[in-house]
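First the structure, in the form of structure tokens, and then the observations on it.
The values are calculated or read from the model by the stated rules, or taken from the named source; none is laboratory data. A quick note: this is a predicted structure, and the numbers were derived from the prediction, not measured. Every residue, glycine as well, gets a Cβ built from its backbone with ideal geometry; the counts of neighbours run over all protein chains shown.
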Amino acid sequence: MSETEPVIATPPHIEDVEASVERRRAARATRTRVSAVLAPTGLVIALLILWEAGTRAFGVPAFLLPPPSAIVGAMAKHAPLLAVATGVTTLEIVLGFALSIAVGIPLALMIFLWPPFARAVLPLLISSQAMPKVAVAPLLLVWFGFGLVPKVLIAFLIAFFPVVINTAVGLAAIEPEKIHLARSMGLGAMDTFLKIRLPDALPAIFAGLKISITLAVVGAVVGEFVGGDAGLGYLLMVANGSMDTQLLFAGIVCLTILGVALYLVVELAERLLIPRHIIARDPTPGGTF
């Protein structure tokens, strides 16, 4: 009687192991991206269903809280008016945001490069943020009239502070070892700034830009509230004065969509300019959104 020979398992190749790890990582990243979209979408749909059912079940008057179906109907009915108002507000937001970049980033560079200037300017910047912008808006209307300029300036005043602070912090937060390495390789001050310090600060700069674009929406609406004759903020004032709650909610929905769309544009620019920052993000559900 012959004894059976033991079977020796063949160890997997390193290429197969690496491929399996990559497949699991890709699947986990896909699940994270899908859940990041489906989770908030499902929550919003559930809230809208509860809102619709609650207003109809309890007989809530439409002038107090219209159901979502009535808001969608108002958006369809006033679509041309909402489109024109959205275009005006978008122009004010984009110009205010662009001005905050044009002023904020050079100001942050001066704060970073010149400490005496930083000590003189930072208290003034902080004081300017403590001052209510609604109180300044009437002065801007007196100085610049009721046109586009005061709305753009109010959006700029509200939006530029995150750009300044995040840019200055990002430029200063680089590890000293990177600067020492660049100098040991013979890079000059300008090359070190452009090739090492500035790319390293881009994530912080874009974090400030994403905060700034949402604040620019607030600034444009504040300007239209105070002295506007067009735009979504002005439309909200008119709807509120005429007790047209459905149009009021339609304007709020348009403002929300506009703010989210502009935020996504800035995030898309971030992904295009610094893909390594996006790749380095934590793909787990508890990571960065």
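Tabulated values for the structure
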quantity	calculated
Residue in segment 239-266 that is nearest to Val221 (Cα to Cα), counting only those that are surrounded by fewer than 16 Cβ atoms within 10 Å (Cβ to Cβ) and modelled with pLDDT under 90	Asn240
Pairs with Cβ under 6 Å, 6+ apart, first in segment 188-204 and under 24 Å from Glu267 (Cβ atoms), second in a helix (DSSP H, G or I) and among the β-branched types (Val, Ile, Thr)	Ala204/Val169
Residues satisfying the stated conditions in segment 112-134, i.e. more than 27 Å from the chain's Cα centre (by Cα) and aromatic (Phe, Trp, Tyr)	Trp114, Phe117
All positions within segment 95-117 that are part of a helix (DSSP H, G or I) and without any contact (Cβ under 8 Å) to a residue 40 or more places away in the chain	Ala98, Ala102, Pro106, Met110, Leu113, Pro115, Pro116, Phe117
